[in-house]
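The values are calculated or read from the model by the stated rules, or taken from the named source; none is laboratory data. It should be emphasised that the depicted structure is a prediction, and the values quoted were computed from it without experimental measurement. Glycine gets a Cβ as well: all are built from the backbone with ideal geometry, and neighbour counts include every protein chain shown.
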Amino acid sequence: MKRIFSLPIIGLFIALLLGSMLTQAQQHFTAEVKGNGTPLILIHGLTCTGEVWKETVAHYQNKYQCHILTLAGFGNTPPALTENFLEAVKNDVLAYIKTNKLKKPAIIGHSMGGFLAFWTAASAPGTFSKVIAVDGVPFMPALQMPGATTETTKLMANNILTSMGNQTREQYQAGTRMYLATMITKPEHVNEVATIGANSDIKTQAQVMYEMYTTDLRKTIAAIDCPVMLMGSWIAYKDYGFTEDVATKAYTAQVAAIPNVKVEMSNTARHFIFYDDPAWFFQKTDAFLN
């Protein structure tokens with residue numbers, strides 16, 4: 001017997017199929033869209049959520065269509081932990097761009113988000129118009145330990161994975177608040193970020209740290225074919241003997257392989273540059289995006 005499918009049924013099938021594709025493309029993050037204009041993807045850092053970009057989105061949403069990502073297992077979002085979590089996120093970002101037909105988006109990432117921005121842009125030349133990394137680098141251990149390689153950091157990475165992954169909720173929250181106090185100047189912002197990340201999935205945070213200690217993108221980023229800006233902060237390292245000159249050279253070495261790159265160093269802000277010195281952050285970001 002010949003089967004005849006009506007247009008509504010076919011339309012429903014296509015809608016379900018596309019819905020399935022979209023869910024697949026976003027299985028390692030959720031996305032909130034605000035504003036209109038040129039697409040701009042924002043990726044947060046460790047323990048955080050897209051909420052940390054609140055002021056940034058308010059600044060740009062009249063000119064840009066802001067796609068604010070929150071990774072699975074961060075904040076109150078359910079985890080979607082895999083063995084290669086960050087690579088899965090990177091692949092999902094590219095799928096999200098394709099599914100939503102985003103034309104030449106810019107991408108901004110903070111810390112871990114900067115690492116992901118580098119990796120995503122390097123994996124898909126021709127996709128992005130601009131890349132901005134806010135105190136996020138291709139291989140974090142080498143910033144603090146010159147000469148570090150994935151081989152020399154493997155033991156440390158395993159220790160982090162075990163010790164951090166086995167923390168109680170109370171230990172995790174206390175530790176997060178302690179390190180945030182070294183990365184953010186104002187106590188109110190420390191409290192804000194600590195609250196945002198209080199319920200993050202602990203094993204996801206540990207896995208992310210492990211992967212950032214065992215993944216070196218310094219050669220990979222040579223494939224990035226659009227302009228890149230790396231914002232660095234050095235005063236958080238001042239107590240460890242870093243001078244501005246030493247820090248600038250360390251940040252510059254991280255992105256030396258990128259053909260078109262600019263390094264901007266803040267003299268006043270700690271790791272959360274957009275909280276500590278928003279005027280400087282927006283001045284540099286506005287100029288670069290424009």
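Restrict the check to the stretch 61-68 and report whether at least one residue is touching a strand residue (DSSP E or B) at 6+ places or on another chain (Cβ under 7 Å), assigned to a loop (DSSP other than H, G, I, E, B), modelled with pLDDT of 95 or more and aliphatic (A, V, I, L, M).
no
Among the residues that make up the stretch 116-124, is at least one of them out of contact with any helix residue (DSSP H, G or I) (no Cβ under 6 Å at 6 or more places or on another chain), part of a helix (DSSP H, G or I), free of Cβ contacts under 8 Å to residues at least 60 places away in the same chain and closer than 18 Å to Met209 by Cα?
No, that holds for no residue.
Residues in the stretch 269-290: is at least one among the polar types (S, T, N, Q), under 19 Å from His44 (Cβ atoms) and assigned to a loop (DSSP other than H, G, I, E, B)?
No, that holds for no residue.
Kindly indicate which of Asp276, Asp245 is farther than 28 Å from Pro187 by Cβ and among the acidic types (Asp, Glu).
Exactly one of Asp276, Asp245 is farther than 28 Å from Pro187 by Cβ and among the acidic types (Asp, Glu), namely Asp245.
Look at the stretch 272-285 and say how many of its residues are surrounded by fewer than 17 Cβ atoms within 10 Å (Cβ to Cβ), without any contact (Cβ under 8 Å) to a residue 12 or more places away in the chain and either closer than 21 Å to Gly147 by Cβ or not aliphatic (A, V, I, L, M) (or both).
1
Of the residues that sit in the stretch 244-271 and are among the aliphatic types (A, V, I, L, M), in contact with a strand residue (DSSP E or B) (Cβ under 9 Å, 6 or more places away or on another chain) and free of Cβ contacts under 8 Å to residues at least 40 places away in the same chain, which one is farthest from Arg218 (Cα to Cα)?
Among residues in the stretch 244-271 that are among the aliphatic types (A, V, I, L, M), in contact with a strand residue (DSSP E or B) (Cβ under 9 Å, 6 or more places away or on another chain) and free of Cβ contacts under 8 Å to residues at least 40 places away in the same chain, the one farthest from Arg218 (Cα to Cα) is Met265.
Considering only the stretch 36-51, state which residues are part of a helix (DSSP H, G or I) and surrounded by 24 or more Cβ atoms within 10 Å (Cβ to Cβ).
Gly50
Which pairs turn up if I take residues in the stretch 100-114 that are in contact (Cβ under 8 Å) with a residue 12 or more places away in the chain and look for partners that are in a loop (DSSP other than H, G, I, E, B) and surrounded by fewer than 17 Cβ atoms within 10 Å (Cβ to Cβ) with beta carbon separation below 6 Å, at least 6 apart in sequence or on another chain?
Pairs that qualify, where the first residue is in contact (Cβ under 8 Å) with a residue 12 or more places away in the chain and the partner is in a loop (DSSP other than H, G, I, E, B) and surrounded by fewer than 17 Cβ atoms within 10 Å (Cβ to Cβ), are Lys104/Ser129; Ala106/Ser129.
Looking only at the stretch 267-290, which residues are modelled with pLDDT of 95 or more and closer than 14 Å to Ile132 by Cβ?
The answer is Ile273, Phe274, Trp280, Phe281, Phe282, Gln283, Lys284, Thr285, Asp286, Ala287, Phe288, Leu289.
Of all the residues that make up the stretch 204-224, how many are out of contact with any Pro (no Cβ under 6 Å at 6 or more places or on another chain), buried (at least 17 other Cβ atoms within 10 Å of the Cβ) and not hydroxyl-bearing (Ser, Thr, Tyr)?
Residues flagged as out of contact with any Pro (no Cβ under 6 Å at 6 or more places or on another chain), buried (at least 17 other Cβ atoms within 10 Å of the Cβ) and not hydroxyl-bearing (Ser, Thr, Tyr) within the stretch 204-224 amount to 9.
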